[in-house]
Amino acid sequence: MTNPSKAKQLYQSQNHFGIVADSFYLPFGNESFDCVIASEIIEHVIDPADFVKELFRVVKKGGKLIVTTPYKEKLIYYLCVHCNQKTPAHAHIHSFDEKKLESYYKGGDLDSFSYETFGNKVLLFLRTYVILQFFPFWLWKMKDKFFNLFINKPAHIICIYKKKV
């Protein structure tokens, strides 16, 4: 089963469609969507600036582009046993912070850029999610904020590019 068909099956709605497309050449007209979400994708693409530009193109006036990615990730490479070339772990080819992400779109139709970091790398390393998966989301957020007061190592960043009306 492909991801789009699985998503349609899990989240059934008359307004839910599954498509597969090249994110650098989306098959939609300008200003087609109120909100576009790219969650944990940008770290895999060759040209992040072109990726953001193309996603923002299909956002309606007053709409938002929401991008999430690992925050200040240390990129790790392995030596491929097949081709003897450096291969990025998890296929992550870029690392991001708020300044880099903000720089990817400076068009005149950008109303605002905002961001928030979340998660904690130490807590991920300690695998606290194994236990916390059984608790409500607000408890996860509280735990992350509290732990980041002592060891400030956020794991992810969420950015919101808002288009002018």
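Descriptive notes on the structure:
Table: residues versus (1) touching a residue at least 24 places away in the same chain (Cβ under 8 Å); (2) not in a loop (DSSP other than H, G, I, E, B).
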position	(1), (2)
H94	yes, no
K106	no, no
D111	yes, yes
E116	yes, yes
L123	yes, yes
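- Annotation note: of I42, I76, I19, I46, the sole residue that is surrounded by 12 or more Cβ atoms within 10 Å (Cβ to Cβ) and either of a type in the set (A, V, I, L, M, F, W, C) or touching a residue at least 60 places away in the same chain (Cβ under 8 Å) (or both) is I42.
- From the list K61, K8, K74, the one residue that fits, being at pLDDT 90 or above and farther than 30 Å from V122 by Cα, is K61.
- The set of residues in the stretch 94-124 being of a type in the set (A, V, I, L, M) and either loosely packed, with under 12 Cβ neighbours inside 10 Å or modelled with pLDDT of 95 or more (or both) consists of L101, L110.
- Subset of the stretch 79-91 (residues that are in contact with a Ser or Thr (Cβ under 9 Å, 6 or more places away or on another chain) and open to solvent by less than 70 Å² (accessible area, probe 1.4 Å)): C80
- Whenever a residue of the stretch 150-165 is more than 19 Å from I42 (Cα to Cα), its partners that are surrounded by 17 or more Cβ atoms within 10 Å (Cβ to Cβ) and among the polar types (S, T, N, Q), lying with C-beta atoms within less than 8 angstrom and at least six residues away or across chains, give the pairs I151/N120; K153/N120.
- Just one of the numbered conditions (1) open to solvent by 70 Å² or more (accessible area, probe 1.4 Å); (2) assigned to a helix (DSSP H, G or I); (3) of a type outside the set (A, V, I, L, M, F, W, C) is not true of K61: (2).
The values are calculated or read from the model by the stated rules, or taken from the named source; none is laboratory data. Computed from a predicted model, the values in this text were never measured in an experiment. All Cβ positions, even for glycine, are placed from backbone atoms using ideal geometry, and neighbour counts span all protein chains on display. These area figures cover heavy atoms from the full protein model, side chains too; ligands, DNA and RNA do not enter into them. Shrake-Rupley method; radii C 1.70, N 1.55, O 1.52, S 1.80 Å.
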